[in-house]
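A short write-up of the structure that comes next.
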Amino acid sequence: MDFEVGNVLKRLRKKNNLTLKNMAEKTGLSAGYLSLLERGLSSPTLKNLNSICQAMNVTMADLILDISAEDNIVNKKGNRHELLNEKGYHYEVLTPHPDAMQTILMTVTDNKEHISFSHIADEIGYIISGTITMIVEGDSYELEPGDCIYIAANRHHGYQKTSEEDCVSIWFYNNTDSTIGVHDQV
């Protein structure tokens, strides 16, 4: 998958008329590292991938969906694209089309506190199972199955699972000029 992501990154960089040097300046990453990513010879960290996406004003979901955009209107469970699979949380892309509102299935398996990288997309979360505490701009909100939360763009936020069972939630992001924030544990 690294090679496929690299090809998409290169195509998007060229589409934005950016050289590797331009990307390096926009992201703070070296041109050599970016070249290795584009050639599939290195895997990006979440933080670096988020920086690259922000520099090109695309979401990480866009990258995954771009790899194998389908004409299907149904996205079967076994065909979903994994956006992230980190220790403590897992993201799956539910929306089969890159031009649609983006929808992510997030499963939190650990009880550690996670923070979100800053991003410019409004997001709406709906809790399916388990419980979670969302911290938005320092205020805590306890969420249970059936609860919904709206987080405006550029608001600092994080989360911590509070149930013994995994917390499963669906997150909706407006696809217009948005960058989905990827969560990183603290």
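Check Lys47 against each of (1) outside the structural domain of Leu12 (by TED's automatic domain parsing); (2) modelled with pLDDT of 70 or more; (3) more than 16 Å from Asp166 (Cβ to Cβ) and name the one condition it does not meet.
(1)
Of all residues in region 130-158, which are modelled with pLDDT of 95 or more, under 16 Å from Thr109 (Cα atoms) and in a strand (DSSP E or B)?
Ile132, Thr133, Met134, Leu143, listed by residue number.
Go through region 33-53 and give me each residue that's in a helix (DSSP H, G or I) and either β-branched (Val, Ile, Thr) or more than 19 Å from Glu86 (Cβ to Cβ) (or both).
Once the filter is applied, which keeps residues that are in a helix (DSSP H, G or I) and either β-branched (Val, Ile, Thr) or more than 19 Å from Glu86 (Cβ to Cβ) (or both), region 33-53 yields Tyr33, Leu34, Ser35, Leu36, Glu38, Ile52.
In region 113-129, is there at least one residue being touching a Lys or Arg at 6+ places or on another chain (Cβ under 8 Å) and either polar (S, T, N, Q) or not assigned by TED's automatic domain parsing to the domain that holds Asn50 (or both)?
yes
Within the bounds of region 12-32, is there any residue that is assigned to a loop (DSSP other than H, G, I, E, B), within 19 Å of Leu83 (Cα to Cα) and at pLDDT below 90?
No, every residue in region 12-32 fails to be assigned to a loop (DSSP other than H, G, I, E, B), within 19 Å of Leu83 (Cα to Cα) and at pLDDT below 90.
Of the numbered conditions (1) buried (at least 16 other Cβ atoms within 10 Å of the Cβ); (2) more than 15 Å from the chain's Cα centre (by Cα); (3) in contact (Cβ under 8 Å) with a residue 60 or more places away in the chain, Val136 fails exactly one; give the number of that condition.
For Val136, the exception is condition (3).
The values are calculated or read from the model by the stated rules, or taken from the named source; none is laboratory data. Note that the structure is a prediction, hence the values are computed from the model and not measured. Here the Cβ is made from the backbone with ideal geometry for all residues, glycine too, and neighbour counts use every protein chain on show.
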